[in-house]
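Just so it is clear, none of the values below were taken in a lab; they were calculated from the coordinates. This is a predicted model, so every value here is computed, not measured. Glycine also receives a Cβ, built like all others from the backbone with ideal geometry; neighbour counts cover every protein chain displayed.
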């Protein structure tokens, strides 16, 4: 049976997304150029083309009920020795991401997680220990903050590259307020110590 691999995530906006992707490549992560910088809501999941329409409808409903929220990245962490990953930490927006991923995974494409959910932005995965140590050290002072205005559905191509299929903006802003441009960063990043 024909399948495709999809994922749902919150993109890290520019200029931070490209900066973190370049850093990831610089740490020797072979997947750096195939994976845009993101916070995962649904990890890579195989589905059939017939499952996609219902899942897209589900994502639209989740987004319509969602509201923009502030997200802050601040410093680094690691899942080592359990998993060979170094990441940039979320210090604001964690609860919102956790709830959002529960809602995304509650629909027609249900997915169990290998590890408890911990929102983060990967900057090194499966690289030599020295490279992971360097990633953790060099981005320890990284800071960025923005308003999350929605999430996106991605598909992994046959070449291993993840490409956006569809964006799902959140429903109307509370009290009729006018948002900043969703996804536009509002803080400066400090990539090196």
Exercise. What number, rounded to the nearest 500 deg cm²/dmol, is the helix-based mean residue ellipticity at 222 nm of the chain, given -39500 (n - 2.57) per DSSP H run of at least four residues and division by all its residues?
Worked result: -7500 deg cm²/dmol
For this session: Specify the residue with the greatest mean-square fluctuation among 108, 81, 169, computed from a Gaussian network of the chain linking alpha-carbon atoms under 10 Å apart.
Result: 81
Exercise. Nearest 0.05, what FRET efficiency do residue 57 and residue 34 give at R0 = 25 Å with Cβ-Cβ as r?
Worked result: 0.35
Exercise. Principal axis lengths of the chain from Cα atoms, whole Å, largest first?
Worked result: 47, 44, 27
Problem set entry | Cα-based Kirkwood hydrodynamic radius, the stretch 1-107, one decimal, Å | 15.6 Å
Exercise. With each pseudo-label sitting 7 Å past Cα toward Cβ, what's the residue 3-residue 164 distance in nm, one decimal?
Worked result: 2.7 nm
For this session: Mind checking the full-extension length gain between residue 115 and residue 25? Use 0.36 nm per residue of separation minus the Cα-Cα distance, one decimal, nm.
Result: 29.9 nm
Exercise. How many angstrom lie between the C-alpha centres of the stretch 83-109 and the stretch 31-51?
Worked result: 13 Å
Problem set entry | Within a Gaussian network of the chain (alpha carbon springs, distance under 10 Å), most fluctuating of 43, 119, 15 | 15
Problem set entry | Extended-chain gain in nm, criterion 0.36 nm per residue less alpha-carbon gap, residue 106 and residue 129 | 4.7 nm
For this session: Name the residue, out of 166, 23, 97, whose mean-square fluctuation peaks in a Gaussian network model built on the chain with Cα pairs under 10 Å.
Result: 166
